[in-house]
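Remarks on the structure that follows.
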Amino acid sequence: MSKDLSEVIGRVLPAPENHLSADTLELARKARRSFMGKALAMGAGVAASAKAGMAMAAGEGEDAILKMPEHTGGLGLPVAMNPYGQPSKWESNLQRRESPGLTRVPQASVSFTPLQGLFGIITPSGLHFERHHQGWWDIDPSKHRLMINGLVKRQRVFTMDDLMRLPSVSRIHFIECGANSATEWGNVATSSVQYSHGMLSCSEFTGVLLSTLLEMCGYDKKNGKYVLAEGADGSSMTRTIAIDQAMDDCIVAWAMNGEMLRPENGYPLRLVVPGVQGVSWVKYLRRIEVGDQKYATKDEAVHYIDHMPDGTHRQYTGIQECKSVITTPSGSQTLLDKGFYNVSGLAWSGRGSIKRVDVSVDGGRNWRTARLEGPILPKALTRFNIDWVWDGKPAILQSRAIDSTGYVQPKMNQLRAVRGTRSVYHQNAIQSWKVSENGEVSNVQVF
Ligand SMILES: Nc1nc2c(c(=O)[nH]1)N[C@H]1C(S)=C(S)[C@@H](COP(=O)(O)O)O[C@H]1N2
Ligand SMILES: [Mo]
């Protein structure tokens, strides 16, 4: 940045459901209106209005710094008042949320991760999205068992203690529901990135590699072509996984982000299938069977299939292709004034790591390469950032990711040319956010 940031800095007003209480939101809007009024009265251009903004901020700032607030003089709260720490009360609007009316019952539903309010690549466990087909359970780990059977020399039943004695790995991976961004197959149904892309989270998972367990049980290397993973909830969640994938990087995980899994996310045991759609990450994992053919269970023969333009149904398309999205500024947020913004977002690929992310502010006519923030890990979210000075004119923000295989995230019309419009799953097109003159950001489709 060659510009003096102090002269051009702008502020993003978070989406209403994001950070702020209704009161704070109304205050911020009022401040913005009076600021815009002042800037207008001065007949100001970009620099002048930015200066007016800074002058006002400096006035406020002096007061806040010179008048000693109560908390500089009093005694603070004692330790261990919250034996398990909680976010600040000021952040209480940052929540995972259900999209109203999406499903008939809340036991077979989704709550979305508020991507617009998160930083870096790790999703806090309490904000990890939830997808249940038949409700969730808080299963007693002392009663939980994992069976390995089928084409193995030694069938085995493991307790949690048995599993947790084995050599473990800890790896950071994204999980994305195959139906993430499904609404965008239609014509812009969702207001914010939480609902358009929020069936996406990224965590550090700890557990034993599935390959370790399969080797221990002496799986049939000649005839064992697939494994079946089965969950212990009422959804009869069963998924086929090819043996190569099972032997590669799948984890039978008990921990997420340094602690035991949360019940909503499969406590005490879940399968982690890096790069593959969420449905294969079977929660409450109770059984792995080795077989010689695909199992064609309900959740892979009938559900989770792609409706192709020629009327056929594509099955077993589990890998989540390269995708990205700008999380700030994004739908439902408001830019409070012109000036400098750090445009920030996430990119990921089920086939490897992120090589490059390009960002456009003019609906895809011109592209600039964004900065990738480390760590850049395979099959994990990667954070990108890019400098942008908003001139106050309408703009369309897009990001386009390229992965280590050279695959380039498609435009919506490119994706539709191959996939048609009847699909639900695997929508990975470039997402567009429109910034209007009044600073409001909304979801638009650009073809
Ligand atoms: N046992 C079981 N496993 C399950 C599911 C389920 O309903 N039951 N839902 C699947 C789907 S569709 C997804 S997207 C992921 C969601 O994982 P999360 O709830 O931890 O986000 O879990 C998968 N594993
Ligand atoms: Mo899913």
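Yes or no: P87 surrounded by fewer than 18 Cβ atoms within 10 Å (Cβ to Cβ) and either assigned by TED's automatic domain parsing to the domain that holds H133 or touching a Leu at 6+ places or on another chain (Cβ under 8 Å) (or both)? Talk me through it step by step, then tell me what you get.
Details: surrounded by fewer than 18 Cβ atoms within 10 Å (Cβ to Cβ): yes; either assigned by TED's automatic domain parsing to the domain that holds H133 or touching a Leu at 6+ places or on another chain (Cβ under 8 Å) (or both): yes.
Here the answer is yes, as P87 does meet what is asked.
When region 278-313 is limited to residues that are within 16 Å of ligand 2 (Cβ to nearest atom) and assigned to a loop (DSSP other than H, G, I, E, B), the one that is surrounded by the fewest Cβ atoms within 10 Å (Cβ to Cβ) turns out to be V302. Just name the residue that is farthest from ligand 1 (Cβ to nearest atom) out of those in region 161-216 that are buried (at least 22 other Cβ atoms within 10 Å of the Cβ) and assigned to a loop (DSSP other than H, G, I, E, B). The residue in question is S192.
Looking only at region 225-232, decide whether some residue is in a loop (DSSP other than H, G, I, E, B) and out of contact with any Leu (no Cβ under 6 Å at 6 or more places or on another chain). Walk me through how you get there before you give the answer.
Here is the first cut: in region 225-232, the residues in a loop (DSSP other than H, G, I, E, B) are 225, 232.
Subsequent filtering for residues that are out of contact with any Leu (no Cβ under 6 Å at 6 or more places or on another chain) retains 225, 232.
There is at least one residue in region 225-232 that is in a loop (DSSP other than H, G, I, E, B) and out of contact with any Leu (no Cβ under 6 Å at 6 or more places or on another chain).
Checked against the criterion of being over 28 Å from H133 (Cβ atoms) and in the same structural domain as K225 (by TED's automatic domain parsing), the candidates D299, D337, D310, D306 yield just one match: D310.
Output the number of residues of region 265-277 satisfying the condition of being away from ligand 2 (no atom under 16 Å from the Cβ) and over 22 Å from M216 (Cα atoms).
At the first step, the residues of region 265-277 found to be away from ligand 2 (no atom under 16 Å from the Cβ) are 267-269.
Within this subset, residues satisfying the condition of being over 22 Å from M216 (Cα atoms) are 267.
Selection size over region 265-277: 1.
A residue that is hydrophobic (A, V, I, L, M, F, W, C) and under 16 Å from the mean Cα position of the chain (by Cα) occurs nowhere in region 357-373.
Within region 250-264, one or more residues are closer than 29 Å to Q116 by Cα, within 16 Å of ligand 2 (Cβ to nearest atom) and assigned to a helix (DSSP H, G or I).
The values are calculated or read from the model by the stated rules, or taken from the named source; none is laboratory data. Keep in mind that this is a model prediction, so the values were computed, not measured. Note: ideal-geometry Cβ built from the backbone for every residue, glycine included; neighbour counts use all protein chains shown.
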